[in-house]
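J.: Sharing a structure here in structure tokens format.
Every number here is computed from the coordinates shown, using simple stated rules; none is lab data. Every value quoted in this text rests on a predicted model; they were computed, and no experiment measured them. When we count neighbours, we look across all protein chains shown, and the Cβ atoms used for this are built from the backbone with ideal geometry, even at glycine.
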Amino acid sequence: MINNPALPLALGILKADSANSCAGFSLLDLIRECQEAGIFDDLSHEPHEVILFKKNFLAMNALYQAQRILWQEGIGYLHISPLRNYLAPNTTASVSAQTVQSTHLPCNTRDSALADYYLDWQHYDNTNEQAVNTLLNQFWARCLSPHKITQCCELLALDPALATQRSAKRQFQRMAARCHPDKGGNPHDFIELREAYEYLTGALPA
């Protein structure tokens with residue numbers, strides 16, 4: 001695997017975060033650290049859209065590498081999202097020792113697909129301006145998908161015609177209290193629930 005200079009920075013931020021309140025950090029926080037460390041200096045000759053893509057790719061690749069490293073070493077599970085990345089230690093994740101020693105991460109299909117994408121360096125090396133624009137168009141098409149909104153609402157037991165960000169948050173908190181791993185719930189179910197909630201917060205009216 002190609003050495004990613006952003007990986008030590010990601011692990012350093014995680015170390016500092018775990019030593020404090022484990023409040024987590026955003027993807028933008030990691031990108032800023034990389035920017036200050038000069039990791040992106042070699043990208044200055046690229047088109048603007050490609051620079052943004054490659055900055056994001058390097059940061060996400062570092063996070064998914066860190067996720068696998070920390071899980072396989074039995075440290076905990078790194079939850080990855082644009083707004084908050086945080087480590088759930090095994091002592092509080094309510095997973096068995098047998099599961100901890102497994103190389104299989106407790107993640108849903110979408111998270112697995114994202115990990116596979118960002119851990120494949122061909123996407124970084126072969127992406128040009130046209131490819132980035134295509135990816136952006138596909139992204140917005142998915143974000144505006146009524147079918148996806150309906151699926152997420154059904155998962156949270158919400159009526160898609162009446163759901164709002166406030167009702168999604170209220171319902172997520174209610175359901176998360178029952179299925180959170182700290183309460184004996186299944187990590188896969190909780191992450192799937194969280195994914196639906198995160199999607200709806202950007203897709204529903206306030």
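J.: Being over 22 Å from Arg84 (Cβ atoms) and either in contact with a Leu (Cβ under 6 Å, 6 or more places away or on another chain) or of a type in the set (Gly, Ala, Ser) (or both) is the filter here; which residues of segment 38-73 pass it?
T.: Gly38, Ser44, Ile51, Lys54 - these are the residues of segment 38-73 that are over 22 Å from Arg84 (Cβ atoms) and either in contact with a Leu (Cβ under 6 Å, 6 or more places away or on another chain) or of a type in the set (Gly, Ala, Ser) (or both).
J.: Can you go through Ile51, Ile39, Ile69, Ile31 and tell me which one is among the β-branched types (Val, Ile, Thr) and within 16 Å of Leu119 (Cα to Cα)? Walk me through it before giving the result.
T.: Values: Ile51 fails: within 16 Å of Leu119 (Cα to Cα); Ile39 fails: within 16 Å of Leu119 (Cα to Cα); Ile31 fails: within 16 Å of Leu119 (Cα to Cα).
Only one candidate qualifies: Ile69.
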